[in-house]
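**Q** Here you go, one structure.
The values are calculated or read from the model by the stated rules, or taken from the named source; none is laboratory data. Note that the structure is a prediction, hence the values are computed from the model and not measured. As a convention, Cβ positions derive from the backbone with ideal geometry for all residues, glycine included, and neighbour counts pool all protein chains shown. The protein model used for the area step is the full one, side chains on, heavy atoms only, and it has no ligands, DNA or RNA in it. Shrake-Rupley method; radii C 1.70, N 1.55, O 1.52, S 1.80 Å.
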Amino acid sequence: SPKRTSFAVGDHRPCSAVLNNQFFKQGLGVALAVALFGGPLFALADIPDDPGLVILDVSMVLASLMFCIELVVNWVAIPSYRCSFFFLMDVLGTLSMVFEISFLLGGGAVRAVLLRSARAAKLGARAGRIFKLVMCYSLLIKGPEGADGKPRFEAKVLAQRLTTSIATRVAMLTIFLVAFVPLLDLPIFPRQDRSLELWARNLEEVFAAENTTKLSAEMNSMVLFYENSDYAPYAVDGWGLSLTTSVSEPVRRQNRIIIEVDDCLTERTACQGSERATIYFNFTGANQMGALMEIGLVLVIVGIMIAMTHDLGSILTMTMVRPLEKMFGMLLQQAQQLIDIVASEEDEDEDEEARASELETIERTLAKLSRIAGQALNKNVISKEEMAKKSEYEKAVLVDILRTEVRGETLAPMLERRSLGAEHIEMEKRLQSWEFDTLSLDDSGQESMVMHIFFHSDFGVASGFCDAATFKAFYDAVKPNYKDVPYHCFAHACDVLHTVFRLSSLSMGSYWMREVDQYSLLIAALCHDMGHFGKTNPFLVESKHELAITYNDKSPLENMHCAKLFEICKEPSTDAFGKATKEVYKEARKVAVAAILHTDNANHFAMIKDISQVYEAHEATCEKQAGSSGMLTEYRDKILEPNRLLWLELFLHLADVSNPLKPFDLSKTWAMRVLDEFFQQGDEEKQQGLPVGMLNDRDKVNKPGSQHGFITFLVSPLVVQSVNLFPDFMDLHVEMVANMEKWRDEWVADVKPSDEELAPKNADITKCRATSDRLLARRKPQKATPTASRGWSWSNGMDTE
């Protein structure tokens with residue numbers, strides 16, 4: 001049987017059968033094609049009235065009868081069709097057929113005044129009809145049925161209904177704009193070409209002057225006037241002269257336009273009473289162009305509606321159908337498992353459950369879950385022995401959903417905390433501070449710091465990947481790979497390592513990072529700039545450096561850093577992953593490479609976008625975490641663990657650009673170093689004739705002023721989103737705003753700007769301060785961190801013993 005659609009489902013089966021009949025649908029399609037394109041095609045072909053007019057009239061009458069039959073059948077068969085949008089379009093489209101039939105309103109007299117404005121309404125109404133017909137053919141929307149003909153409430157059905165509703169409204173809007181707006185011009189028609197009446201008046205005035213020579217010249221002028229137009233006069237009557245022209249009489253009556261004088265200035269046989277002097281115009285070319293435009297308008301209207309509907313369908317499929325199908329599939333699978341576990345004798349038979357839709361199955365499962373809840377309602381405490389008798393799914397329901405307390409059970413911490421010896425407590429205190437200065441460390445101090453982080457801190461898991469001697473050899477191989485440049489030196493590597501360590505501690509990384517994540521991230525931090533020689537990626541690309549050629553201009557420096565790291569690890573004596581299994585090594589390499597590659601600032605704004613999307617999707621959970629005194633399970637399970645690699649990449653990138661987030665003295669020292677390195681590159685760019693970077697020209701850059709732009713446009717957006725997701729990073733934003741104020745003050749003292757020059761910087765600082773206030777307002781005071789048990793705590797963002 002033919003597939004039913006939303007337009008062919010009614011209370012009267014005979015009428016529904018007619019609508020579903022393929023021959024009837026095809027007949028409607030032919031009738032619609034005749035109504036839309038018949039007249040324009042005859043006009044384009046310039047078919048003579050005899051016999052063309054008869055053929056066209058018969059075709060239009062038959063098409064009108066088909067439309068009337070369809071109207072009646074739809075009205076009887078489909079209650080929802082009555083007074084609907086498509087009913088209105090059908091009525092208008094059917095009534096507009098009177099303009100196509102010559103013995104009704106299709107004559108030339110009507111077309112000359114009315115049809116120009118009515119044509120748009122006619123085409124819009126018929127476009128609505130063809131849109132409905134296309135939908136009936138299921139080219140846009142498929143029927144919401146299951147294999148057994150029973151409607152199913154699933155993702156695709158919901159999307160189909162939504163698409164149908166939205167597509168109908170798109171069609172309504174399109175048709176309204178095209179069909180009804182032109183009718184507003186009807187009261188002021190015609191308003192375009194008034195030359196036809198003017199020429200008739202001119203000829204009458206010349207004739208009244210009884211100057212035959214001037215009259216002939218005026219007629220010739222009129223012929224020349226229309227020589228390059230798509231319509232022109234071909235004859236005159238009532239002035240006693242014939243028109244000399246190459247334009248012939250049109251073969252179709254509708255192309256003949258008659259222009260009569262308003263008043264006869266001289267009484268004569270040809271111009272008295274109802275008789276008027278007349279100019280006859282041939283509008284064949286103009287009407288052919290109008291017919292072509294008419295066909296184009298129909299195609300544009302239908303094309304827009306079909307394209308918009310297809311686009312809506314695609315968007316709904318991507319954003320709704322696929323996620324809902326995945327969600328329904330998972331829910332259905334889990335629901336079925338629960339049904340199997342807690343099934344009882346009074347439950348419905350299996351055949352009925354097999355026929356149920358996804359939503360019906362989930363609804364039935366929720367009803368069964370409520371019975372489980374009822375069992376625990378009167379006693380929200382269950383003994384350890386009773387819990388042991390429950391199945392795994394019942395335990396999940398009681399513990400995770402109902403939050404039932406298990407009496408007599410002691411929960412062990414997720415990870416066993418490492419205890420520090422007395423010799424490492426002092427180093428731990430120093431490292432757990434943003435005032436830790438790696439530039440002040442000598443070689444021994446750098447080594448002590450690195451070894452402590454990797455072996456003795458909360459993230460000191462290095463012994464699981466290599467022994468201490470191998471790691472020492474690895475360290476000794478890494479350090480010489482850092483060049484003696486102002487900024488990208490080994491002190492910078494130590495600073496980034498320390499910052500990553502601090503970020504991991506503040507985010508309670510021990511509770512959501514795997515050991516391979518912790519170790520690989522710290523290795524990446526230590527090695528992230530190995531081999532850096534103080535030049536930027538754009539410089540390497542512009543100068544056609546061998547690294548840019550080797551890596552096809554894609555993060556050449558970062559790729560080189562990764563390569564150097566794993567070249568060192570190829571040697572067994574310096575393999576920092578020597579104890580790792582093959583699977584663990586692959587995971588460690590993936591983390592380290594991804595983190596280092598994302599230190600390329602070319603990925604900066606893409607990273608901001610990625611973390612912003614996570615925050616927008618889980619804003620409520622992040623806000624709850626911001627006001628919590630510990631890590632929420634929901635925060636860990638929904639945000640941290642599913643996006644673990646993204647956070648590892650974020651931590652290393654944030655640490656790499658974190659100098660503006662440190663206390664001002666440290667921040668200023670690092671800023672001067674990075675500017676010195678930029679200036680050295682700028683000098684070389686000038687020598688090679690390359691474009692000089694905006695921050696690289698020592699003769700133009702104001703050092704304090706440059707830091708404001710760097711913080712505002714690069715660092716601040718990243719920090720804001722990071723604090724949104726990791727509330728304990730709040731101190732970084734507070735320090736950043738304080739540094740912006742100090743850099744502004746130094747810039748003012750150096751440049752002595754006008755009020756107009758100072759205003760933008762003050763506005764940026766005010767905006768950042770307001771953001772800090774918002775971020776602070778969502779946190780509870782004196783929030784403890786996991787390291788508080790070490791004998792020190794956080795108080796208002798400061799380290800205190």
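**Q** Could you tell me which residue of segment 466-497 is most open to solvent (accessible area, probe 1.4 Å), considering only residues that are in contact with a His (Cβ under 9 Å, 6 or more places away or on another chain) and assigned to a loop (DSSP other than H, G, I, E, B)?
**A** Lys483
**Q** Criterion first (assigned to a loop (DSSP other than H, G, I, E, B) and open to solvent by less than 30 Å² (accessible area, probe 1.4 Å)) does Ser667 satisfy it? First the steps, then the outcome.
**A** Details: assigned to a loop (DSSP other than H, G, I, E, B): no; open to solvent by less than 30 Å² (accessible area, probe 1.4 Å): yes.
Against the criterion (assigned to a loop (DSSP other than H, G, I, E, B) and open to solvent by less than 30 Å² (accessible area, probe 1.4 Å)), Ser667 does not qualify.
**Q** Still on this structure, I have one more. Step by step: first the residues of segment 498-547, then only those that are among the hydroxyl-bearing types (Ser, Thr, Tyr) and part of a helix (DSSP H, G or I), then the one that is nearest to the chain's Cα centre (by Cα). Which residue is that?
**A** Step one: list which residues in segment 498-547 are among the hydroxyl-bearing types (Ser, Thr, Tyr), which gives 499, 504-505, 507, 510-511, 519-520, 536, 543.
Okay, now just the ones that are also part of a helix (DSSP H, G or I), so 499, 504-505, 510-511, 519-520.
Values: Thr499: 34, Ser504: 32, Ser505: 35, Ser510: 35, Tyr511: 34, Tyr519: 36, Ser520: 34 Å.
Here the answer is Ser504.
**Q** If we keep just the residues of segment 1-24 that are surrounded by fewer than 18 Cβ atoms within 10 Å (Cβ to Cβ) and under 18 Å from Cys68 (Cβ atoms), which is modelled with the lowest pLDDT?
**A** That would be His12.
**Q** Sticking with this structure for a sec: Search segment 289-319 for residues being open to solvent by 50 Å² or more (accessible area, probe 1.4 Å) and within 30 Å of Val247 (Cα to Cα), and hand back the single one that is farthest from the chain's Cα centre (by Cα).
**A** Among them, the one singled out is Met289.
**Q** Let me ask something additional. List the residue pairs whose Cβ atoms are under 7 Å apart, where the first residue sits in segment 193-213 and is closer than 12 Å to Asp262 by Cα, the second is open to solvent by 60 Å² or more (accessible area, probe 1.4 Å) and among the aliphatic types (A, V, I, L, M), and the two are 6 or more positions apart or on different chains.
**A** Cβ pairs passing all conditions: Glu204/Leu265; Glu205/Leu265.
**Q** Here is a follow-up. Could we say that Trp747 is in contact with a Pro (Cβ under 6 Å, 6 or more places away or on another chain), part of a helix (DSSP H, G or I) and over 18 Å from Trp434 (Cβ atoms) here? Spell out how you get there, then give the answer.
**A** Values: in contact with a Pro (Cβ under 6 Å, 6 or more places away or on another chain): yes; part of a helix (DSSP H, G or I): yes; over 18 Å from Trp434 (Cβ atoms): yes.
So Trp747 fits the description; yes.
**Q** Before we move on, is Asp799 part of a helix (DSSP H, G or I) and modelled with pLDDT under 95? Lay out the reasoning, then the answer.
**A** Details: part of a helix (DSSP H, G or I): no; modelled with pLDDT under 95: yes.
In short, no.
**Q** What single numbered condition from (1) open to solvent by 60 Å² or more (accessible area, probe 1.4 Å); (2) modelled with pLDDT of 70 or more; (3) closer than 26 Å to Ile257 by Cβ fails to hold for Ile101?
**A** Against the list (1) open to solvent by 60 Å² or more (accessible area, probe 1.4 Å); (2) modelled with pLDDT of 70 or more; (3) closer than 26 Å to Ile257 by Cβ, Ile101 comes up short only on (1).
**Q** Shifting gears a bit: Would you mention how many residues in segment 264-277 are out of contact with any helix residue (DSSP H, G or I) (no Cβ under 8 Å at 6 or more places or on another chain) and surrounded by fewer than 19 Cβ atoms within 10 Å (Cβ to Cβ)?
**A** Residues meeting the conditions: 8.
**Q** For segment 504-518, enumerate the residues that are farther than 15 Å from Gly460 by Cα and either buried (at least 23 other Cβ atoms within 10 Å of the Cβ) or aromatic (Phe, Trp, Tyr) (or both). Before the answer, list the steps.
**A** Filtering segment 504-518 for residues farther than 15 Å from Gly460 by Cα gives 506-507, 512.
Result: Ser507, Trp512.
**Q** Okay, next question. Just for segment 212-251: of the residues that are assigned to a loop (DSSP other than H, G, I, E, B) and of a type in the set (Gly, Ala, Ser), which one is most open to solvent (accessible area, probe 1.4 Å)?
**A** Filtering first and then ranking leaves Ser246.
**Q** Would you confirm whether or not segment 718-734 contains a residue that is small (Gly, Ala, Ser), on the phi < 0 side of the Ramachandran plot and open to solvent by 10 Å² or more (accessible area, probe 1.4 Å)? Step through it out loud before you land on a result.
**A** Let us first name the residues in segment 718-734 that are small (Gly, Ala, Ser), namely 722.
Now narrow it down to the ones that are on the phi < 0 side of the Ramachandran plot: 722.
Next, only the ones that are open to solvent by 10 Å² or more (accessible area, probe 1.4 Å) stay: none.
The answer is no; no qualifying residue exists.
**Q** Find all pairs meeting these conditions: Cβ atoms under 8 angstrom apart; at least six residues apart or on different chains; first residue within segment 681-702 and over 26 Å from Ala749 (Cβ atoms); second residue open to solvent by 40 Å² or more (accessible area, probe 1.4 Å) and of a type in the set (A, V, I, L, M).
**A** Close Cβ pairs (under 8 Å, with a partner that is open to solvent by 40 Å² or more (accessible area, probe 1.4 Å) and of a type in the set (A, V, I, L, M)) amount to Glu685/Val692; Lys686/Val692.
**Q** Go through Lys767, Lys700, Lys752, Lys783 for me and flag whichever is open to solvent by 70 Å² or more (accessible area, probe 1.4 Å), closer than 22 Å to Leu661 by Cα and either at pLDDT below 95 or within 33 Å of the chain's Cα centre (by Cα) (or both). Before you say what the answer is, go through the steps one by one.
**A** Values: Lys700 fails: closer than 22 Å to Leu661 by Cα; Lys752 fails: closer than 22 Å to Leu661 by Cα; Lys783 fails: open to solvent by 70 Å² or more (accessible area, probe 1.4 Å).
Lys767 is the lone residue from the list that is open to solvent by 70 Å² or more (accessible area, probe 1.4 Å), closer than 22 Å to Leu661 by Cα and either at pLDDT below 95 or within 33 Å of the chain's Cα centre (by Cα) (or both).
**Q** Please name all residue pairs, on different chains or six or more residues apart, with Cβ atoms under 9 Å, provided the first residue is in segment 592-612 and is in a helix (DSSP H, G or I) and the second residue is polar (S, T, N, Q) and open to solvent by less than 10 Å² (accessible area, probe 1.4 Å).
**A** Close Cβ pairs satisfying both conditions: Ala592/Ser520; Ala595/Ser520; Ile611/Ser722; Ile611/Asn724; Ser612/Asn724.
**Q** Something else: Being modelled with pLDDT of 90 or more and in a loop (DSSP other than H, G, I, E, B) is the filter here, so list the residues in segment 418-451 that pass it.
**A** Once the filter is applied, which keeps residues that are modelled with pLDDT of 90 or more and in a loop (DSSP other than H, G, I, E, B), segment 418-451 yields Gln432, Ser433, Trp434, Glu435, Phe436, Asp437, Leu441, Asp442.
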